[in-house]
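Step one of this worksheet: look at the structure below.
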Amino acid sequence: MAQTKPHVGLFIPCYVDQFYPQVGKATLEILEKLNCNVSYPLNQTCCGQPLANSGYERDTKDACQHFLSSFLQFDFIVSPSGSCVHHVKERYPKILHDPELQSLLDSKIFELTEFLHDILSLEIQGTFSHKVGYHASCHALRGLGLSKSSEVNTAPFDKVKSLFEKVEGLEWSQLQRSDECCGFGGTFSVKEEAISLSMGKDRLTDHHEAGTEILTATDMSCLMHLQAIEDKNQSSLPVMHLAEIINQIIS
Amino acid sequence: MSHSIASTDFLKNEEHAKWHDETLWMIREKRDLASQKVPEWENLRTLASSIKEHVLSNLDHLLLEFEANATKNGIQVHWAKDAQEHNQFVLDILKKQSCAQVVKSKSILTEECHLNPFLEKNGIEVIDTDLGERIVQFLHQPPSHIVLPAIHLKKRDISELFHQKLQTEKGNEDPYYLTQAARNHLREKFLKAKVAITGVNFGIAETGEFVVCTNEGNADMGVHLADVHIACMGIEKLIPRRNDLGVFLRLLARSATGQAITNYTSHFRGPEKGKQIHLILVDNGRTEQLGREKFRNSLKCIRCGACMNTCPIYRRSGGFSYQSTVPGPIGSILSPGLDLKKYSSLPFASTLCGSCTDVCPVKINIHEQLYEWRQEITKANPNYAESLSMKLASGIFKSPLAYRISGFLMRKLIINLPDSLLYNPWNVWGKGRKLPKAPQESFRNWYLNHRKDEQ
Ligand code: SF4
């Protein structure tokens, strides 16, 4: 039986590894509870996104090769970060001039909730009695297409929220602007500090007004930026990564 | 001045910045509602994008077809390779008509060519007849938005300006009253003008006609009263057939302002008896952009402005912060093609959120082009300190050991450094934000202690 379990390589982005180990733990525990055989390759490094987005894509070829050699042997690669997954999936074939890599990555690498939805067809059962504010991280939303963006006029769908349809007590905050960017944007957050802060504050105000009790997202980077502004202003909207919420419900 | 410095300045006036953001967001919402009423909206976008794809791939002979048909209709066609040639053509026509005053309806191309200052230097008065454009012209400012040129100004600013320029009542901010004053002022100019200049929204190769879309009817008023009509058109504004026009007209106004169609959609096919139409076809860097594989489809743009209205950065920094004729996301992928050094900060004025790409009626992959321009800019303008740190980082990312050491150091640094160092003014992140609370143990260490033996 053990052989039929999917073998999942856990990809934990650099900043999650160092600053949010609890998100890594939650991701690992969810996958284990759902009967996956999970390995965390110890030699993994960064996917190279920060460099590439700064205009130094050409310097990341070795990082890309290193990533692939650490991960391609698994059935699936799963990560609690839409942004890093998007970078690997959408940019690696181009950076490495290897168009055939695309279909391989398409079938292999997934953001956590996307994996739970698309591959494990999970319907989370349990209770989570909170009003949850979902921040739609841009790279997960528009990049990976986890839900319909507000600009596009196709049939609505939302892979993330649909995972929670059976969860009792959970109410989603109704935001004024359902998918405006939080303003993090990697080095944008320091290069364009004033706008970055202004965008973050506006997102937080929207959540406060909507009565959000817990703020969540697919990406810890957005949450890190929003929490940092919140902390500086001495308000304290609790922040949980989706992995932590899911892990708590299905425990 | 870099975009970030200009935007920091813009955000200093918090109340105005909030108003600017909300006003443009309101227009984005109007666009959403209008587009949702068209069930085939997404198909229209795909169709429009493919038609423009076809145009860009066949631009050479479509332009010749257009020229031949326009000439047959009695339109005089001129080819301008750059802004200078364009301006000279306009001046020559005006001189031939002994015309010292010309009315002009909105044309971003003439802004791009800096036609107004050129004509003024040559003793010709230019009167912009679009209300918003007239307002910014009074203030000696460029437009801050391609569809809403005076969107950075509030009613009270305009009331004050009209009081000075048009002697309206001081403090009267009634939009109807102010518009009437502008109408009377402009009417007088219209009646006197012998030559009228307009832009072009669409040129139709099959028929040799061109189409101008406005809301105020000022283009028509100018053209019909004047003896000579000069139409300035970028070579990418072409569409193959009249049949294709409907696709674009349905997308344009809905994307721009949420209207189903612009109030005036005027077709110009040939001059009336005794009158003249001159059409100037302008390249000014377009052929070069067409040759850049990664950036060529930026030329599909129909100038609806939707990417500006949706952009969280444009809304919070205003058009002037871009310091280019076309601001916002589309400006940030067009301008570096004109002057890479001058506009090098623009592709970085984005979080790459992708909202512009999703809103664009002709499906330009704007945010991907922003990413691509970043790659070009770091190659063309090397910043040695930055490129060295990137080389260092890339070395770290390919070596697992170096990576672990640097991550460990970063976390320990944050745990152990005093707040006075973490939040000093040189630390940009920490000015308006707290640093994350660093945990004692990384995920990797935890994994080694708790899971490793099981493998
Ligand atoms: S890039 Fe697209 S959205 Fe922006 S102005 Fe052009 S057509 Fe409109």
Q) Expressed as a fraction of 2.2 N^0.38 Å, the rule-of-thumb size for a compact globular protein of N residues, what is the C-alpha radius of gyration of the protein assembly as shown? A) 1.05
Q.
Need one number: % antiparallel among DSSP beta bridges in chain B, to the nearest 5.
A. 25 percent
Q) In chain A, carbon and sulfur make up what percent of the accessible area (probe 1.4 Å)? A) 49 percent
Q | Delta accessible area of at least 10 Å² on complex formation, residues of the stretch A:54-92, 1.4 Å probe, chain isolated as reference | A | A:SER54, A:GLY55, A:TYR56, A:GLU57, A:ARG58, A:ASP59, A:ASP62, A:ALA63, A:HIS66, A:ARG91
Q.
In whole Å, what are the extents of the stretch B:158-251 along the principal axes defined by its C-alpha atoms, from largest to smallest?
A. 52, 31, 18
Q) What are the semi-axes of the equivalent ellipsoid for the stretch B:218-338, taken as the square roots of 5 times the Cα gyration tensor eigenvalues, largest first, in whole Å? A) 28, 19, 16
(Q) For the stretch A:112-168 and the stretch B:269-286, what is the centre-to-centre distance using only Cα atoms, to the nearest Å? (A) 53 Å
Q. What's the center-to-center distance, using Cα atoms, between the stretch B:183-221 and the stretch B:83-98 in Å?
A. 18 Å
Q. GNM on chain A, C-alpha springs below 10 Å: top fluctuator among A:LYS201, A:LYS232, A:LYS166?
A. A:LYS232
Q. Among A:LYS131/A:LYS166; B:LYS52/B:LYS237; A:LYS159/B:LYS294; B:LYS341/B:LYS379, which pairs are too far apart, with a Cα-Cα distance over 20 Å?
A. A:LYS159/B:LYS294
Q. If you roll a 1.4 Å probe over the heavy atoms of the protein chains, what accessible area per residue do you get for the stretch A:126-250, in Å²?
A. 35 Å²
Q: Would you work out the charge dipole size for the stretch A:126-250 about its Cα centre, treating the Cβ of every Lys and Arg as +1 and the Cβ of every Asp and Glu as -1, and quote it to the nearest 20 debye?
A: 220 debye
**Q.** Members of the stretch B:344-365 that become less accessible by 40 Å² or more once partner protein chains are added (1.4 angstrom probe, chain alone as reference)
**A.** B:PHE348, B:THR351, B:LEU352, B:CYS353, B:ASP358
Q: Taking the convex hull of the Cα atoms, report for the stretch B:38-284 its projected area averaged over all directions, in nm².
A: 13.5 nm²
Q: Provide the FRET efficiency to the nearest 0.05 for the A:GLU100-B:ARG241 pair, computing r from the beta carbons and using R0 = 25 Å.
A: 0.05
Q. Per residue, what volume in Å³ does the convex hull of the Cα atoms of chain A enclose?
A. 134 Å³
Q) Where the centre of each part is set by its Cα atoms, how far does the stretch A:232-246 sit from the stretch A:85-105, in angstrom? A) 32 Å
Q | Kirkwood hydrodynamic radius over Cα pairs of the stretch B:93-149, then Stokes diffusion coefficient at 37 °C and 0.692 mPa s, in µm²/s | A | 280 µm²/s
Q. For chain B, can you list the cysteines whose C-beta has no other cysteine C-beta under 4.7 Å from it?
A. B:CYS99, B:CYS113, B:CYS213, B:CYS232, B:CYS301, B:CYS304, B:CYS311, B:CYS360
Q. To the nearest 10 degrees, how steep is helix B:245-256 against the longest Cα principal axis of chain B, on a 0 to 90 scale?
A. 60 degrees
**Q.** Cα pair distances exceeding 27 angstrom across the stretch A:126-250, given as percent
**A.** 15 percent
Q: Calculate how many DSSP beta bridges within the stretch A:89-222 are antiparallel, expressed in % of all such bridges and rounded to the nearest 5.
A: 10 percent
**Q.** Cα-based equivalent ellipsoid of chain B: semi-axis lengths in Å, sorted from largest, via gyration tensor
**A.** 47, 27, 21
Q. Counting Lys and Arg as +1 and Asp and Glu as -1, each charge on the Cβ, what is the dipole of the stretch B:38-284 about the Cα centre in debye, to the nearest 20?
A. 600 debye
Q | the stretch A:7-118 - Rg over Rh from alpha carbon coordinates, Kirkwood radius | A | 0.95
Q: Taking H placed 1.01 Å from N in the peptide plane, check which residues at least 5 places from A:LEU215 or on another chain put their amide H under 5 Å from its amide H.
A: A:GLY133, A:VAL239, A:MET240
Q: Note the buried accessible area between A and B here, summed over both chains, with a 1.4 Å probe, in Å² to the nearest 100.
A: 6500 Å²
**Q.** Under 18 Å from the Cα of B:LYS391 - aspartates and glutamates, other chains or at least 8 residues apart
**A.** A:GLU57, A:ASP59, A:ASP62, B:GLU376
Q: Give the range of the longest stretch in chain A that excludes all GluC sites (Glu not before Pro) found in loop regions by DSSP and having at most 15 other beta-carbon atoms within 10 Å.
A: A:1-99
(Q) Compute the helix-to-body angle for B:155-166: its Cα long axis versus the longest principal axis of chain B, expressed 0 to 90° and rounded to tens. (A) 40 degrees
Q) By how many degrees, 0 to 90 and rounded to 10, does the Cα axis of helix B:384-398 deviate from the longest principal axis of chain B? A) 50 degrees
Q.
Just to verify a number: FRET efficiency for B:ASN13 and A:THR4, C-beta to C-beta distance, R0 = 60 Å, to 0.05?
A. 0.45
(Q) Run the simple label-point estimate for A:ASN233 and B:ASP92 please: 7 Å along Cα→C-beta, distance reported in nm. (A) 6.0 nm
Q: Take the Cα radius of gyration of the stretch A:192-245 and divide it by 2.2 N^0.38 Å, with N its residue count; two decimals is plenty.
A: 1.07
Q | the stretch B:51-172: Rg to Rh, with Rh as the Kirkwood radius over Cα pairs | A | 1.08
Q: Exposed loop trypsin sites (Lys or Arg not before Pro) only (DSSP loop, at most 12 other Cβ atoms within 10 Å): please give the longest stretch of chain B free of them, not including the sites.
A: B:38-169
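The values are calculated or read from the model by the stated rules, or taken from the named source; none is laboratory data. None of these values were measured; they are calculated from a predicted model. As a convention, Cβ positions derive from the backbone with ideal geometry for all residues, glycine included, and neighbour counts pool all protein chains shown. In case anyone asks, the SASA skips ligands and DNA or RNA and just uses the protein heavy atoms, side chains included. Shrake-Rupley method; radii C 1.70, N 1.55, O 1.52, S 1.80 Å.
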